[in-house]
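Read through the structure below, which is laid out as structure tokens, and then see the notes.
The values are calculated or read from the model by the stated rules, or taken from the named source; none is laboratory data. Predicted model only: the values in this text are computed from it and were never measured. Neighbour counts run over all protein chains shown; Cβ positions are idealised from the backbone, glycine included. Surface areas here come from the heavy atoms of the whole protein model, side chains and all, with no ligands, DNA or RNA. Shrake-Rupley method; radii C 1.70, N 1.55, O 1.52, S 1.80 Å.
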Amino acid sequence: MSGPTLEQIAKGDGLALCAAGSWTARFAPALEKLVGEAEKLTGSRPNIFIDVSQVSKLDTFGAWLIERLRRALTNGGHEAQIAGLSANYATLVDEVRRVKPAVAPPAAGSHLTAVLDGIGRNIYGIGETLVALVDMIGAVIAAWFRVWRHPSKFRLTSVVHHLQQVCWNAVPIVVLITFLIGCIVAQQGLFHFRRFGADVFVVDMLGVLVLRELGVLLVAIMVAGRSGSAYTAELGSMKMREEIDALRTMGFDAIEVLILPRMVALVLALPILAFLGAMAALYGGGLVAWLYGGVDPSSFLSRLREAISINHFIVGMVKAPVMAMVIGIVACVEGLAVQGSAESLGQHTTSSVVKGIFFVIVMDGVFAIFFATIGI
Amino acid sequence: MTSTTATPASATATAAASTSADAIISVRDLTVAFGSRRVLDGLNLNVARGEILGFVGASGAGKSVLMRTIIGLVPKVSGTIEVFGTDLDGGDKARRDVERRWGILFQHGALFSSLSVRQNIQFPVREYLKVSERLLDEITMAKLTMVGLKPEVADRYPSELSGGMIKRVALARALALDPEIVFLDEPTSGLDPIGAGDFDELVRTLQRTLGLTVFMVTHDLDSLHTACDRIAVLGNGKIIAQGTMADMLASQHPWLREYFHGKRARAVIG
Ligand SMILES: Nc1ncnc2c1ncn2[C@@H]1O[C@H](COP(=O)(O)OP(=O)(O)OP(=O)(O)O)[C@@H](O)[C@H]1O
Ligand SMILES: [Mg+2]
């Protein structure tokens with residue numbers, strides 16, 4: 001296959017542009033240069049023939065560039081004509097003749113306006129997020145009461161399925177991570193308390209910290225990353241493929257069918273996981289205290305019994321279902337906000353995790369103030 | 001190639017007889033299975049350069065699977081597939097050279113959802129050709145016009161298009177690099193009859209002007225009638241018949257009789 005050429009031959013008061021070779025996509029860069037140069041022709045000759053009889057192969061790229069050349073020359077005040085077209089290629093050139101001038105993609109605004117625009121939209125977005133969250137909370141509560149009145153509507157199978165996903169399958173990783181965190185907290189405590197000869201207070205610190213705060217907070221963060229993201233991705237891809245619309249048109253309520261079972265599963269799962277996590281962390285801490293700090297198990301246990309009260313445990317456990325609700329609501333709102341594109345799915349999954357963790361920590365702070373005020 | 005046969009054994013013989021140097025796609029003894037279920041079972045097929053092959057068969061017969069196997073998306077159990085005379089098992093380099101020369105329209109469009117129509121069409125061009133933004137935009141407009149879409153569509157996203165528009169954009173993307181072969185999986189389903197007619201016309205024009213080879217899976221009797229040079233029928237994992245429309249109409253095979261002489265067929269073909 002020979003490369004394309006475009007020769008200029010003077011012919012009386014006219015000019016012939018003789019195209020030859022292969023005018024195809026594969027040679028597009030070369031073609032573009034050839035045509036670009038020929039377009040700048042500003043000779044005084046009024047008549048220009050674009051002779052394509054020597055072209056061995058023509059496709060839409062070639063045909064378009066010939067047409068573009070013709071248009072440019074005509075606009076330049078020349079009488080331009082395409083000559084020597086075989087019947088087959090004539091149809092192709094006719095086809096591209098219908099092409100209107102290209103519409104440029106919408107230009108992005110200037111840098112400053114883009115920045116301001118972004119800030120404005122984000123602030124506006126915060127308001128929208130809060131409204132969507134409140135809206136979802138209301139919808140879930142309403143669905144809950146509907147199901148309460150007609151228990152047959154409750155989707156037990158679905159709840160059990162999600163419970164397996166978010167609770168049972170999460171147990172190994174949650175236990176492992178909290179165990180390791182327990183070990184680390186105990187080790188750090190021992191290391192620093194030892195200087196004051198206060199080794200044994202490590203047990204107090206570990207007990208209070210794990211039961212009140214760390215157990216539930218860590219587990220909630222893990223669940224937001226693990227299950228919140230899964231909820232968003234599931235709901236989001238169902239939204240993208242119009243599955244949610246299909247449900248609606250069949251008379252199902254998406255909240256009842258998809259969201260309520262997920263929320264119930266999460267609200268049941270998080271306390272269980274938080275409990276298991278707290279136990280694993282205490283176990284890890286106890287192990288380190290024994291092996292590294294020389295606090296033997298029986299004195300660890302008796303110290304633990306003195307240090308903590310049932311209140312610490314209750315404070316931790318009370319927080320768990322609330323955090324589960326926060327994670328679930330955020331995840332479902334984000335899932336339903338997914339638009340048609342894969343990119344949007346990715347964005348909403350990310351923001352589901354980020355917002356989920358953020359709200360979990362905010363809730364934890366609110367609880368801390370509340371419990372401090374009522375003196376527990 | 002013109003004789004129609006009803007029995008698999010002689011169909012194989014016909015296919016083998018049509019083996020020739022000008023076969024641009026040649027499939028030999030192809031077997032494809034999902035688990036223990038064989039979808040294609042010793043299938044033979046040749047597609048000649050520059051022809052429009054219409055491919056029919058019952059829903060679920062394996063038409064899409066055959067197409068996806070030829071283009072390398074579904075692994076085969078046995079058999080060979082040659083495109084442009086290149087064995088597609090012959091390594092990545094050979095594959096990539098071939099991939100640049102074909103365009104594919106998937107049954108459900110498979111547009112990139114995070115890219116606009118314009119970006120979808122430009123995507124393969126950018127990858128393979130170093131051309132200016134201006135030419136890219138112009139080529140996009142040319143392709144959109146060719147498939148019968150307005151220029152305004154260029155900056156919409158796939159989720160904002162109708163089903164028929166998705167088909168057209170997907171075709172424009174398949175044609176973006178002016179390929180030598182296009183694989184079309186049910187290109188006219190979801191188009192209005194006028195649009196479908198234009199589409200057949202377009203495929204014809206492209207074939208005449210660009211020498212395009214078209215492998216078209218379709219259920220559209222109009223398309224088969226007006227656009228296709230040759231028709232191949234898939235059944236029981238094999239080609240049960242191939243030939244021109246006249247051959248199909250003359251065939252005594254029960255499924256073919258039902259297909260081409262059914263109520264809907266009579267309305268079209270008369
Ligand atoms: N990835 C897959 N896994 C398992 N089975 C599959 C897979 N893809 C296709 N099949 C099966 O292969 C068979 C052929 O499917 P195919 O999509 O090729 O049908 P078709 O002939 O294109 O039908 P239609 O005209 O409805 O598009 C079907 O029975 C289908 O269930
Ligand atoms: Mg199919």
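Looking across the range B:51-74 at every residue that is touching a residue at least 40 places away in the same chain (Cβ under 8 Å) and away from ligand 2 (no atom under 16 Å from the Cβ), the one that is least open to solvent (accessible area, probe 1.4 Å) is identified as B:52. Restricting B:186, B:180 to residues that are within 13 Å of ligand 1 (Cβ to nearest atom), touching a residue at least 60 places away in the same chain (Cβ under 8 Å), surrounded by fewer than 22 Cβ atoms within 10 Å (Cβ to Cβ) and not hydroxyl-bearing (Ser, Thr, Tyr) narrows the list to B:186.
Give me the residue from the range B:124-142 that is within 24 Å of the chain's Cα centre (by Cα) and within 11 Å of chain A (Cβ to nearest Cβ) and, out of that set, modelled with the lowest pLDDT. Taking the candidates together, the pick is B:128. Here residue A:361 fulfils each of the conditions (1) within 23 Å of residue A:254 (Cα to Cα); (2) in a helix (DSSP H, G or I); (3) open to solvent by 50 Å² or more (accessible area, probe 1.4 Å) apart from (1). Take the range B:222-240 and flag every residue that is of a type in the set (Ser, Thr, Tyr) and surrounded by 18 or more Cβ atoms within 10 Å (Cβ to Cβ). The one that is of a type in the set (Ser, Thr, Tyr) and surrounded by 18 or more Cβ atoms within 10 Å (Cβ to Cβ): B:223.
Only residues that are open to solvent by 20 Å² or more (accessible area, probe 1.4 Å) and either within 16 Å of ligand 2 (Cβ to nearest atom) or over 26 Å from residue B:244 (Cβ atoms) (or both) were counted across the range B:75-89, and they come to 9.
Residues being among the basic types (Lys, Arg), in a loop (DSSP other than H, G, I, E, B) and within 14 Å of chain A (Cβ to nearest Cβ) are entirely absent from the range B:73-89. Applying the condition of being over 19 Å from the mean Cα position of the chain (by Cα) and within 20 Å of residue B:44 (Cα to Cα) to the range B:87-121 and asking which residue is nearest to ligand 1 (Cβ to nearest atom) yields B:89.
Residue count for the range B:204-219, restricted to those that are surrounded by 20 or more Cβ atoms within 10 Å (Cβ to Cβ) and at pLDDT 85 or above: 7.
Every residue, every condition in (1) at pLDDT 85 or above; (2) within 21 Å of residue B:27 (Cα to Cα), yes or no:
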site	(1), (2)
B:85	no, yes
B:94	no, yes
B:106	yes, yes
B:109	no, no
B:115	yes, no
B:118	yes, no
B:122	yes, no
B:168	yes, no
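Taking (1) within 25 Å of residue B:169 (Cβ to Cβ); (2) modelled with pLDDT of 85 or more in turn, residue B:99 satisfies each apart from (2). Evaluate the range B:90-102: report whether one residue or more is away from ligand 2 (no atom under 16 Å from the Cβ), part of a helix (DSSP H, G or I) and open to solvent by less than 30 Å² (accessible area, probe 1.4 Å). Taking every residue of the range B:90-102 in turn, at least one turns out to be away from ligand 2 (no atom under 16 Å from the Cβ), part of a helix (DSSP H, G or I) and open to solvent by less than 30 Å² (accessible area, probe 1.4 Å). Determine, yes or no, whether residue A:20 is open to solvent by 10 Å² or more (accessible area, probe 1.4 Å), in a strand (DSSP E or B) and not polar (S, T, N, Q). Considered against the rule, which asks whether it is open to solvent by 10 Å² or more (accessible area, probe 1.4 Å), in a strand (DSSP E or B) and not polar (S, T, N, Q), residue A:20 comes out as yes.
In this structure, residue B:192 does not qualify as within 14 Å of chain A (Cβ to nearest Cβ), more than 16 Å from ligand 1 (Cβ to nearest atom) and either without any contact (Cβ under 8 Å) to a residue 60 or more places away in the chain or among the small types (Gly, Ala, Ser) (or both). Would it be correct to say that residue B:226 is free of Cβ contacts under 8 Å to residues at least 12 places away in the same chain and either under 20 Å from the mean Cα position of the chain (by Cα) or on the phi > 0 side of the Ramachandran plot (or both)? Taking the combined requirement at face value, the residue does not satisfy it.
Criterion applied to A:98, A:121 was being basic (Lys, Arg), open to solvent by 100 Å² or more (accessible area, probe 1.4 Å) and more than 14 Å from chain B (Cβ to nearest Cβ), and the one residue passing it is A:121. Screening residue A:311 against (1) more than 30 Å from residue A:128 (Cβ to Cβ); (2) polar (S, T, N, Q); (3) within 14 Å of chain B (Cβ to nearest Cβ) leaves a single unmet condition, (3). Taken over the range B:144-177, the criterion of being over 24 Å from residue B:208 (Cβ atoms) and buried (at least 21 other Cβ atoms within 10 Å of the Cβ) is satisfied by B:154, B:158, B:165. Collect the residues in the range A:280-296 that are touching a Pro at 6+ places or on another chain (Cβ under 8 Å) and open to solvent by 40 Å² or more (accessible area, probe 1.4 Å), keeping them in residue-number order. Correct list: A:290 only. When each of A:341, A:309, A:299 is tested for being open to solvent by less than 70 Å² (accessible area, probe 1.4 Å), within 30 Å of residue B:161 (Cα to Cα) and assigned by TED's automatic domain parsing to the domain that holds residue A:203, the lone residue that passes is A:341. What do you reckon, is residue B:250 away from ligand 2 (no atom under 16 Å from the Cβ) and either crowded, with 17+ Cβ neighbours inside 10 Å or within 14 Å of another protein chain (Cβ to nearest Cβ) (or both)? Spelling it out, it is not the case that residue B:250 is away from ligand 2 (no atom under 16 Å from the Cβ) and either crowded, with 17+ Cβ neighbours inside 10 Å or within 14 Å of another protein chain (Cβ to nearest Cβ) (or both). Condition check for residue B:48 on (1) away from every other protein chain (no Cβ under 14 Å); (2) more than 16 Å from ligand 1 (Cβ to nearest atom); (3) touching a residue at least 60 places away in the same chain (Cβ under 8 Å); (4) open to solvent by 30 Å² or more (accessible area, probe 1.4 Å): one failure, at (4).
Out of the range A:53-86, which residues are facing chain B (nearest Cβ under 9 Å) and open to solvent by 30 Å² or more (accessible area, probe 1.4 Å)? Residue satisfying the conditions is A:57 alone. The residue of the range B:114-123 that is farthest from the other protein chains (Cβ to nearest Cβ), among those that are touching a helix residue (DSSP H, G or I) at 6+ places or on another chain (Cβ under 8 Å) and open to solvent by 30 Å² or more (accessible area, probe 1.4 Å), is B:123.
The range A:137-218 holds helices (runs of 4 or more DSSP H) entirely within its bounds, and those carrying 2 or more residues that are in the same structural domain as residue A:307 (by TED's automatic domain parsing) and at pLDDT below 90 map to A:171-193, A:201-208.
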